[in-house]
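The values are calculated or read from the model by the stated rules, or taken from the named source; none is laboratory data. These figures come from a predicted structure and were not determined experimentally. Glycine also receives a Cβ, built like all others from the backbone with ideal geometry; neighbour counts cover every protein chain displayed. Surface areas here come from the heavy atoms of the whole protein model, side chains and all, with no ligands, DNA or RNA. Shrake-Rupley method; radii C 1.70, N 1.55, O 1.52, S 1.80 Å.
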Amino acid sequence: QVQLVESGGGLVQPGGSLKLSCAASGFTVDHSAVAWFRQVPGKEREGVSCIFRPDNMITYANSVKGRFTISTDSAKNVVYLQMNSLKAEDTAVYYCAKRLGRQHCSGSYYPLDFGSWGQGSQVTVSS
């Protein structure tokens, strides 16, 4: 059974930092493409970052480049998203998911290409 559980969200002020965790079971994150998405009510789920260790592939949405960093911990089988210099527009529920089919983080990616979604972790950046 493939499972992903997000944690680490919370309420922070603009300019602050949070580190999200995506704990995986049923597969090895270092052998798979795992992505972070975020979503606010009434809007489409947005790809934030993707990591695929076998090819040393990492991608970021333009909106978070230079501020967010994705990484993995092999021993813990966890994917992290370090979020710095947070802005109000970063407020969302953050999800992690494993890519379906061919594993990669190249080019554009969409929620329908991923599965095994966790329940999400709320990140709120105060106005």
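For the chain, what is the charge dipole size about the Cα centre, in debye to the nearest 20, if Lys and Arg each add +1 at the Cβ and Asp and Glu each add -1 at the Cβ?
Computed about the Cα centre, the dipole is about 60 debye.
Sites listed here are trypsin sites (Lys or Arg not before Pro) in segment 14-43 whose DSSP assignment is loop and whose Cβ has at most 13 other Cβ atoms within 10 Å: LYS43. The GluC sites (Glu not before Pro) found in segment 41-127 that occupy coil by DSSP, while having at most 16 further C-beta atoms within 10 Å, are GLU44.
Spatially, segment 61-82 and segment 108-127 are offset by 13 Å when compared through their Cα centroids.
Heavy-atom accessible area for SER126, with the other protein chains in place and a 1.4 Å probe, reaches approximately 40 Å². How large, in Å, is segment 67-122 by the Kirkwood hydrodynamic radius built from its alpha-carbon pairs? Averaging 1/r across every pair of different Cα atoms and inverting gives 13.1 Å. Ignoring lysines fewer than eight residues from LYS98 along the same chain, the ones with Cα atoms less than 17 angstrom from its Cα are LYS76. The C-alpha atoms of segment 1-73 occupy a region whose extents along the principal axes are 34, 25, 24 Å, arranged from largest to smallest.
Taking a point 7 Å out from the Cα of GLN1 in the direction of its Cβ, the residues of segment 7-44 whose backbone N falls within less than 18 Å of it are 23-28.
Starting from a Cα-only point model with no solvent, please compute log10 I(q)/I(0) by Debye for segment 1-43 at q = 0.18, 0.23, 0.26, 0.30 1/Å. Log10 of I(q)/I(0), two decimals: -0.71, -0.94, -1.04, -1.14.
Working value for the chain: equivalent-ellipsoid semi-axes of 22, 15, 14 Å, each the square root of 5 times a Cα gyration tensor eigenvalue, largest first.
Bridging of LYS87 to aspartates and glutamates at a Cα separation below 18 Å is possible for GLU46, once same-chain residues fewer than 8 apart are set aside.
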